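Encoded as structure tokens, the structure appears first; notes follow it.
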Amino acid sequence: MVFAEILKFEFVQRALVTGLLIGFSCSLLGVFLVLRRLSLIGDGLAHVTFGSVAAVILLGFSPLYVTLAALPLVVLSSLAILHLTRSRRIHGDAAIGIVSSVGIALGVIMASVSGGYNADLLSYLFGNILTATQAELFLSLFIFCAVILFVVFFYPGLFALTFDEELAKSIGVKTNLINIILMALTAAAVVSAMKIAGIMLVSALLILPPVTALQLSFNFKKTLVASALFAVFSVAGGMLFSFFLNMPSGATIVIFNALFLFVVLFAKKVIQVRR
Amino acid sequence: MSVNIITTENLTFCYNSTRVLDDISLGLEKGDYLGIVGPNGSGKSTLIKNILGILPLQTGKVFLFGQSLHEFSRWDKIGYLPQKLSSLNTHFPGSVNEILEMGLRRKNAREKQQVLEMMGIGHLAARLIGELSYGEQQRALLARSLISRPELLIFDEPTTALDPETRDSFYALTEKLNREHGTAVVLVTHDVGIIGKFARRMLYLDKKIIFTGTFEDFCASSEMTGFFGSGSQHIICHQHDTAKRNG
């Protein structure tokens, strides 16, 4: 059996587990971000990640620890976006745009200073899950556990905050605390996800599974479960197809995610027409 | 000595450089029914948001049930209905039942169904909130504000999307809760007639407190005649007198 043979390789096992953990984490966080119209935060943070990766490569960090080294910078940037969105003079989308463009500008400058776009930097732009290191696997596992704990312990507050922030405040939800944790975890998930999908496509992991799940008109808990399932099947399916067809894994995972969305939209249309 | 349910001391609030609230000091006791009126932009909603901690305090103090706003934690004692939701996404996947449970310490299925029936949406409990009409959403939110049997109800323009029948039953309910259970009510509305009919005290706000007192004081105030015109003032006072006689 070809599948079984492929899965015997340690680097494939590590890549698959890392991918599933990251896909799961992004899909849960994505539900809260999409519903609060913060979908593009993934894109913004991915651009910041580009700048952060360029900085840590320039500083001479080993490729094994680039992800870990970039993490604090991206988390700080996510908190900067949160702070800017709190300003009454700057809308959320503009805040994301500002941090995102500053991040990519710094990345371009640092890549230029370090002598151009070397292979390491390009591998982060387009992602390669097969090169996931042990450190990245552990980081993904840590983020996965943190996301699960966050959603379980803060579920009532997250639900209320996602429904309406002002109403949530009026029932005593600690909205600032939840916002800070949500942003920090999103930043961590984005940094770890750049290994799967690459900086260019990372936001798809935050947006596509939740948007697909939301089409099913489930209640909140079921939507979270559906989003996670779409992500897990997309990552597993995308990675296996990319092995067989020798295609880039990140792009194939994103195409799988998009296929699920189109199938669900098509099925909804057919059901509506039949009614 | 009874503790005030709401106390504000010298509350001042500015949006950027525009002063929206100017030195507001007021108190609300158990069993009070306070109607807040004022023109658009007079700071009515901002006052409510300051009292509930939705907007951060800039100058002044707020006490809820005798505790400072920062220390207060019994939010289930307060039922609040905002003027409009700031961010309702029509794709929000929360059912009416889930919305009702927000902030609830204990979940009782029978109580939930009762309050939904009272608002005429008992059949919508399992439906997603985003799929409902605006009026039905408003009724679901009204039900949410009542479900925890709060000691203080704060309504900011609560009936704008309701049909006349539901609106009347809503006000009758708030009056019953106020009269029979001593629930304190703060009602912000443009409908001065409604205030005249139900509220015991009235506060006229225009960034600062222009008038506060009973309806008898209001009706006797020549200053208020200047604000409302003698015709409107007469109608408001007449509605209040009629409601008192019928009550």
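Note on chain A: GNM, Cα springs under 10 Å; of A:Phe256, A:Phe159, A:Phe32, the largest mean-square fluctuation is that of A:Phe159. For the residues B:Lys84, B:Lys208, B:Lys30, a GNM of chain B with alpha-carbon springs under 10 Å puts the largest fluctuation on B:Lys84. Taking a straight Cα-Cα cut-off under 18 Å and skipping sequence neighbours fewer than 8 places away in the same chain, the aspartates and glutamates within cross-link reach of A:Lys174 are A:Asp164, A:Glu165, A:Glu166, B:Glu71, B:Asp76, B:Glu101.
Per-residue ellipticity at 222 nm, computed for the protein assembly as shown from helices alone with -39500 (n - 2.57) per DSSP H run of at least four residues, works out to -19500 deg cm²/dmol.
What aspartates and glutamates does B:Lys208 reach when the alpha-carbon gap must be under 14 Å and sequence neighbours fewer than 8 apart in one chain are set aside? Hits, sequence-local ones excluded: B:Glu9, B:Asp22, B:Asp23. Considering only beta bridges that DSSP places wholly inside the protein assembly as shown, some 55 percent are antiparallel. Taking amide H positions as modeled 1.01 Å from N, with prolines and chain starts lacking one, the residues under 5 Å from B:Thr183 and 5 or more places away or on another chain are B:Asn178.
Overall shape: oblate for the stretch A:2-274, with the ratio a/c of the largest to smallest alpha carbon gyration tensor axis at 1.5 or above and b/c at least equal to a/b.
Working from Cα positions, state the angle (0 to 90°, nearest 10) between the long axis of helix B:164-181 and the longest principal axis of chain B. Here the helix axis deviates by roughly 80 degrees. Counted over chain B, the DSSP beta bridges are approximately 55% antiparallel. Using only Cα atoms, what Kirkwood radius does the stretch A:162-275 have, in angstroms? Evaluated over the stretch A:162-275, this radius sits at 15.9 Å. For A:Lys269, the lysines whose Cα falls under 23 Å of its own Cα, not counting residues fewer than eight places away in the same chain, are A:Lys222. Counting only whole DSSP H helices of chain A, the ones at least 18 Å long by C-alpha along their axis and with mean Kyte-Doolittle hydropathy no lower than 1.0 are A:10-35, A:41-58, A:66-86, A:92-113, A:134-153, A:175-197, A:202-214, A:220-244, A:249-274. Between 0 and 90 degrees, the angle of helix B:109-118 with respect to the longest Cα principal axis of chain B falls at about 50 degrees.
What's the local net charge at B:Gly213, with K and R +1, D and E -1, over the other residues with C-beta under 14 Å away? Net charge in that neighbourhood comes out at -2.
Across all directions of projection, what mean area in square nanometres is found for the Cα convex hull of the protein assembly as shown? Before the final figure, lay out the partial values.
On the way: hull surface 118.0 nm².
Directional mean of the projected Cα hull area for the protein assembly as shown stands at 29.5 nm².
Taking amide hydrogens as placed 1.01 Å from N in the peptide plane, the amide H of B:Ser25 sits under 5 Å from those of B:Asn10, B:Leu11, each at least 5 positions away in sequence or on another chain.
Kindly express, to the nearest 10 degrees and within the range 0 to 90, the angle between helix B:134-147's C-alpha long axis and the longest C-alpha principal axis of chain B. With rounding to tens, the tilt is 90 degrees. Considering only A:Phe154, A:Asn219, A:Ile22, and ranking their Cα positions along the charge dipole of the stretch A:2-274 that arises from unit charges at the beta-carbon of Lys, Arg, Asp and Glu, the one farthest toward the positive end is A:Asn219.
Unpaired Cys in chain B, meaning no second Cys C-beta under 4.7 Å: B:Cys14. For the residues A:Thr212, A:Thr18, A:Thr49, a GNM of chain A with alpha-carbon springs under 10 Å puts the largest fluctuation on A:Thr212.
Would you mind calculating the gained length between A:Ala146 and A:Ile98 on full extension (0.36 nm times residue separation, minus the Cα-Cα distance), in nm to one decimal? Mind showing how you got there, number by number?
Numbers: separation 48, 0.36 × 48 = 17.28 nm, distance 2.81 nm.
Contour length minus Cα-Cα distance gives 14.5 nm.
Every number here is computed from the coordinates shown, using simple stated rules; none is lab data. Please read all numbers here as calculations on a predicted model, not as lab measurements. Glycine gets a Cβ as well: all are built from the backbone with ideal geometry, and neighbour counts include every protein chain shown.
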